[in-house]
Every structure is written in C-alpha cells, then in structure tokens.
C-alpha cells in the first residue's frame, strides 16, 4: 500500500499500477520529503515527476505545499492510475495544479518551455544509462536557477552521468535505493 505521508492530503491511500512500476518506499519518501521541507524547497514549487508511475512523489510534493506538479508517464495503465490518484489528492488540495502527461519524459521536456523548481526522476531500474543522460541533458535548460533534481536509482547502478550544466551535491543510500541530489551549476 502506498499513501501520502504528510501535508493536506496526508494519510490518503494511493493506487499503484499492478505491473511495470517500482514505487518509492514510504521510508525513502519520508526521509526525502523531510529533507526537502527542511531546505524549504516545497512551498509554492513547480514540480515535475518524470517516470511518475502512480504519481506518489509529485502528489506528496503537492500535499506538502507545491503549487503545481506535472506527472509524466508513458505507460497507459500507470498513467490511468496516476490520473485517479490526482483526483483523490486534489479533493484535499484543490488549489494545486496537477496534470498527468501521457508521454515519455524526453518528449515532455522537448515540447515544453516552463521552468521547474523541483524534479523527481525515478526511471525503471533497467533504463540504459545513456537514456537517463539524455533526459538529464534535456531537463537542464528547464530548471529554475535554484532548482533541485532528485534522481532515484538502484544502489547497484552507477552515479548518473550529468551534463556540464548540472552538478551532484550529495547522494544518500537507502538499502537497494540511492537518491542523488542534482542542481544547476
């Protein structure tokens, strides 16, 4: 079971796609969002949740004060689940603008022009490293000056290959999962 941990929609249960996704554990999300709140990165933030799956990361951000979230998911079943979760969370946070985009992360980044303050990149663990590098390269010009990007990968995966315009400030391991904090130079 996945749930919103805290904020206006705290304790609401989220649906999870029956296959093809790997939801971020409550323990990892609780630690991550505690750090994001401590750094004052959520209030009024424009959020992108690439490879959104159920949308739990973007929806947790909205529950805790983000102004908007773009949930990007190409898998039809997962996108449908994310849309249902958006409707559930928006009853508790009606002012937040949340949109599910049924497309790939790269197509979404190529098509838009808005800037993001906080981005979650939680691709399937089997994604090829060059594919992730392309996504990060496309994302870099779409970041606000003080943006933070959280890249979630399997601990066995190498550190993400970053374009010259991005730098990793830290990483944190949670068992089989590692989070990298990335920001513009």
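The values are calculated or read from the model by the stated rules, or taken from the named source; none is laboratory data. Keep in mind that this is a model prediction, so the values were computed, not measured. Don't worry about glycine lacking a Cβ; one is built from the backbone with ideal geometry, like all the others, and counts go over all protein chains shown.
Only one of these is surrounded by fewer than 20 Cβ atoms within 10 Å (Cβ to Cβ), modelled with pLDDT under 95 and out of contact with any strand residue (DSSP E or B) (no Cβ under 8 Å at 6 or more places or on another chain): 126, 137. Name it. So that I can check it myself, show each step before the final result.
Working: 137 fails: modelled with pLDDT under 95.
Only one candidate passes the filter, namely 126.
Suppose the filter is on the phi < 0 side of the Ramachandran plot, without any contact (Cβ under 8 Å) to a residue 40 or more places away in the chain and not in a loop (DSSP other than H, G, I, E, B); does residue 117 pass it?
Working: on the phi < 0 side of the Ramachandran plot: yes; without any contact (Cβ under 8 Å) to a residue 40 or more places away in the chain: no; not in a loop (DSSP other than H, G, I, E, B): yes.
No; evaluated as a whole, the condition is false for this residue.
If a residue has to be farther than 19 Å from residue 23 by Cα and part of a helix (DSSP H, G or I) to count, how many in the range 88-104 make the cut?
Count: 3.
Quick one: which of 72, 47, 62, 81 is within 20 Å of residue 131 (Cβ to Cβ) and touching a residue at least 24 places away in the same chain (Cβ under 8 Å)? Reasoning before the result, please.
Working: 47 fails: within 20 Å of residue 131 (Cβ to Cβ); 62 fails: within 20 Å of residue 131 (Cβ to Cβ); 81 fails: within 20 Å of residue 131 (Cβ to Cβ).
So the residue among 72, 47, 62, 81 that is within 20 Å of residue 131 (Cβ to Cβ) and touching a residue at least 24 places away in the same chain (Cβ under 8 Å) is 72.
From the residues in the range 140-162 that are in contact with a helix residue (DSSP H, G or I) (Cβ under 7 Å, 6 or more places away or on another chain) and exposed (fewer than 15 other Cβ atoms within 10 Å of the Cβ), which one is nearest to residue 24 (Cα to Cα)?
In this case the residue turns out to be 158.
Looking at 36, 32, 42, which is the one that is touching a strand residue (DSSP E or B) at 6+ places or on another chain (Cβ under 8 Å), in contact (Cβ under 8 Å) with a residue 40 or more places away in the chain and part of a loop (DSSP other than H, G, I, E, B)?
Values: 36 fails: part of a loop (DSSP other than H, G, I, E, B); 32 fails: part of a loop (DSSP other than H, G, I, E, B).
Criteria check complete, one pass: 42.
From 6, 39, 61, 52, grab the single residue that is in contact with a helix residue (DSSP H, G or I) (Cβ under 9 Å, 6 or more places away or on another chain), surrounded by fewer than 17 Cβ atoms within 10 Å (Cβ to Cβ) and at negative phi.
On the way: 39 fails: in contact with a helix residue (DSSP H, G or I) (Cβ under 9 Å, 6 or more places away or on another chain); 61 fails: surrounded by fewer than 17 Cβ atoms within 10 Å (Cβ to Cβ); 52 fails: surrounded by fewer than 17 Cβ atoms within 10 Å (Cβ to Cβ).
So the residue among 6, 39, 61, 52 that is in contact with a helix residue (DSSP H, G or I) (Cβ under 9 Å, 6 or more places away or on another chain), surrounded by fewer than 17 Cβ atoms within 10 Å (Cβ to Cβ) and at negative phi is 6.
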